[in-house]
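Since the structure comes first, as structure tokens, the remarks are kept for the end.
The values are calculated or read from the model by the stated rules, or taken from the named source; none is laboratory data. Given the structure is predicted, the values throughout are model-derived calculations rather than measurements. Don't worry about glycine lacking a Cβ; one is built from the backbone with ideal geometry, like all the others, and counts go over all protein chains shown. For accessibility, only protein heavy atoms count, side chains too; no ligands or nucleic acids. Shrake-Rupley method; radii C 1.70, N 1.55, O 1.52, S 1.80 Å.
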Amino acid sequence: MHDYKKPFGRVELTELLQQYEPNEDFSSYGGVLLHGPVAAYLLKEDFGIEDEEIFHAVYYHTTGRAKMSLFEKIIFLADFIEPGRHFPGVHEVRKLAEKDLDLAVLESLRSTIQHLSSKHVLIHPLTLSAYNDQVRTAK
Ligand SMILES: [Fe+2]
């Protein structure tokens, strides 16, 4: 359900999110981030899922955030390494995930930041703070 509405286009996702967060700035950091927050709100609205931990795990699965709960980390990482992913480095993160969740989350954030910075595109502040937090906590 974390990818509920992922197939929607950027314009539609932006419009949907602005209904819930009029001042949101996700869209300025890349359209792929939008489906997380949109899904979190629509799970409440369309399915009556009110659980706060599920809301946060779905909301932040595209960016990560500092102080993620165990459940949030699991959803974040599962999304990053799902079988349909074939980008460079995903195999290494999958292997790491079998041994150490925090190191695997850290590596996924590092890989994302490296990829985005190599293309000179914006990196969402939540992703940067998630990375800094994982550096502090992953041993
Ligand atoms: Fe997703």
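The table below lists the values:
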item: Neighbourhood charge, 14 Å Cβ-Cβ cut-off, centred on Leu42 and excluding it, Lys, Arg +1 and Asp, Glu -1; result: -4
item: Carbon/sulfur fraction of accessible area - the stretch 38-110, other protein chains in place, 1.4 Å, %; result: 56
item: When each of Lys6/Lys73; Lys44/Lys73; Lys6/Lys139; Lys44/Lys99 is checked by Cα-Cα distance, pairs over 31 Å; result: Lys6/Lys139; Lys44/Lys99
item: Values of log10 I(q)/I(0), in the order q = 0.13, 0.24 Å⁻¹, for the stretch 32-139 under a Debye, Cα-only, solvent-free model; result: -0.47, -1.39
item: Cβ-defined net charge surrounding Phe71, 15 Å radius [Lys, Arg +1; Asp, Glu -1]; result: -3
item: For Thr137, net neighbour charge (Lys/Arg +1, Asp/Glu -1) across residues whose Cβ lies under 11 Å away; result: +2
item: Nearest-ten-degree value, helix 125-137 long axis tilted from longest Cα axis of the chain; result: 40
item: Mean accessible surface per residue for the chain, computed with a 1.4 Å probe while every protein chain stays in place, in Å²; result: 56
